[in-house]
Amino acid sequence: MTNWKVPLADIDLDAEDLRAVVDVVRSKWLSMGPVTVEFEQCFADYIGVKHAFAVVNCTAALHLAHVALGVGAGDTIICPSLTFVATANAIRYTGAMPVFADITSADDLNLSPDDIEAKIDASTKGICVVHYGGYPCDMDRIMSIARRHHLYVVEDVAHAPGAACWVTLPPSTSSTGDGVVKKCGSIGDIGCFSFFANKNMTTGEGGMLTTDSDAIADRIRRLRSHGMTSLTWDRERGHSFSYDVTDTGYNYRMDEMRAALGLVQLRKLAANNQRRAEVVNIYREQLAAVAGIATPFGGHEGVSTYHLFPILLQDDHLRPAFMQFMKDRGIQTSIHYPPIHHFSYYRALMPDTQLARTEQIARRLVTLPLSPMMQKHHIDHVIESLKLWRMKAL
Ligand SMILES: *Cc1c(COP(=O)(O)O)cnc(C)c1O
């Protein structure tokens, strides 16, 4: 693929993935059909929700989510700035405005529940959380804030298929304050997953929207497919001969080749997430001895999917030389993320946004390579390089 000794991310693709796609191509039914239906059912079962909708990508899932929950111009949605820009763009598609809330701390890069609450006003309609790097947000507190203020919650689960956390059951279903462990994407009103090529499971481009609500599911089913009341697949099976159009819907459907790949990738997901955990454990053990490099989420309590391994350098001015040093040693690093409110478009849109912790931390963040394909010698090479850089930098 590239000449990196240790690439930032790598995909688990084998003969089984290939065979699944070839079988679909041979069948000659390429657009949404039985394989996609099976993928959706398996994914819904895995996440623990009633409904899952396969879509073209996570950005489309996020767009559908905000449309289905009924926001538009004049409304605001609270979301993080330390995330991929699609989280905020999808809110803008509806005419609504994102309002960025700060991260919790240098150790917890997820949305601060306190800052979410501080940013709520009369225009707030919902919260879009992102489980950064695969580490679940404090969903217990965030859901309780949302319930108190009658806000909807969309989960951007692009990093976290398989992640889970403890949440108190809502007062309507339990009077005793009991709790359960729930998977990310089954906690808020809607979960949005990404199967882009660098995510924990991939279909090339692809995404999934999950919900437990029948009413939301009805809206999503139509919005995903031109606002039509029946699908080509249903008509093919003789379930209906005509259709009505009830909305200005979109064409956000996944195709059968991607769904076939997704089914195989889903089967391998738990083992690959486990392998990521093992890599991160070695990283953390080894890096504990390297001064001047902090590793966020060290004390995190939820079940993570270890999508990213971010480190924090002592000083932001060290970052360009550090990334160049790693590059020279064949190690690909990245930055997750340049804060969204610093991009030209969002600066012009909301010039007054200030997020002290996000700004402070984002300047010092570097993401190290992490994938289930990493071998011991890859990890050793990264660790040795970090130690070498520390000796030179001191
Ligand atoms: C990758 C990503 C997206 C967008 O996913 P696509 O499937 O590429 O549209 C959205 N949010 C986050 C946090 C992401 O990492």
Going residue by residue through the range 152-163, the Karplus relation 6.51 cos²θ - 1.76 cosθ + 1.60 with θ = phi - 60° gives ³J(HN,Hα) values, rounded to whole Hz and with x marking Gly or Pro, of 7, 10, 9, 9, 8, 9, 3, 9, 10, x, x, 5
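Hydropathy at least -1.0 by Kyte-Doolittle, axial extent at least 30 angstrom from the Cα trace: which helices of the chain, defined as entire DSSP H runs, fit? Don't jump to the answer; show the numbers that get you there.
Values: long enough: 256-287 (43 Å, -0.39).
Those that pass (Cα extent of 30 Å or more, hydropathy at least -1.0) are 256-287.
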P(r) over all Cα-Cα pairs of the range 269-393, 10 Å bins from 0 to the longest distance, whole percent per bin, short to long, reads 11, 40, 32, 14, 2
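For the range 114-259, what % of the accessible area comes from carbon and sulfur atoms, probe 1.4 Å?
On the way: 3050 of 6090 Å².
So the carbon and sulfur contribution to the accessible surface is 50 percent.
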For the range 15-262, the charge dipole (Cβ of Lys, Arg +1; Cβ of Asp, Glu -1; about the Cα centre) points to a positive end, and the Cα of Gly204, Pro34, Gly238 closest to that extreme belongs to Gly238
Taking a probe of 1.4 Å and leaving out DNA, RNA and ligands, the range 1-143 shows per residue an accessible area in Å² of 39 Å²
Rounded to the nearest Å, the spacing of the alpha-carbon centers of the range 72-96 and the range 29-65 is 22 Å
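About the Cα centre of the range 188-293, how large is the charge dipole given +1 on each Lys and Arg Cβ and -1 on each Asp and Glu Cβ? Please answer in debye to the nearest 20. Write down the numbers at each step before the final one.
Working: 14 positive and 13 negative charges, 75 e Å.
Dipole size: approximately 360 debye.
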Output for the range 112-160 (equivalent-ellipsoid semi-axes, sqrt of 5λ from the C-alpha gyration tensor, Å, descending) is 19, 11, 9
The range 226-249 and the range 327-347 have their Cα centres apart by a whole-number Å value of 43 Å
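If you place +1 on the Cβ of every Lys and Arg and -1 on the Cβ of every Asp and Glu, how big does the dipole about the Cα centre of the range 15-262 come out, in debye to the nearest 20? List each step's numbers first, then the result.
Numbers: 21 positive and 30 negative charges, 123 e Å.
Once rounded to the nearest 20, the dipole reads 580 debye.
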With N residues in the range 24-132, Rg(alpha-carbon) / (2.2 N^0.38 Å) equals 1.31
GNM of the chain, Cα pairs under 10 angstrom: of Ile120, Ile91, Ile190, the biggest fluctuation goes to Ile120
The local net charge around Arg363, scoring Lys/Arg +1 and Asp/Glu -1 for residues other than Arg363 whose Cβ lies under 10 Å from its Cβ, equals -1
Check: C-alpha center the range 358-384 vs C-alpha center the range 128-167, spacing in Å is 25 Å
Working note, the chain: Cα radius of gyration (Å, one decimal) and Dmax (Å, whole number) are 21.4, 74
The lysines whose Cα lies under 30 Å from the Cα of Lys199, excluding any fewer than 8 residues away in the same chain, are Lys5, Lys28, Lys50, Lys125, Lys182, Lys183, Lys268, Lys327, Lys376, Lys387
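Would you work out the relative contact order for the chain, in percent, from Cα pairs under 8 angstrom that are 6 or more residues apart?
Working: 811 pairs, mean separation 91.6, N = 394.
This gives 23 percent for the chain.
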Given Cβ charges of +1 for Lys and Arg and -1 for Asp and Glu, the option among Trp389, Pro171, Leu62 whose Cα lies farthest towards the positive end of the dipole of the chain is Trp389
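The values are calculated or read from the model by the stated rules, or taken from the named source; none is laboratory data. This one's a predicted model, so the numbers in the text were calculated from it and none came from an experiment. Ideal geometry is used to build each Cβ from the backbone, glycine not excepted, and the neighbour counts take in all protein chains shown. Quick note on the areas: whole protein, heavy atoms, side chains included, nothing else; ligands and nucleic acids left out. Shrake-Rupley method; radii C 1.70, N 1.55, O 1.52, S 1.80 Å.
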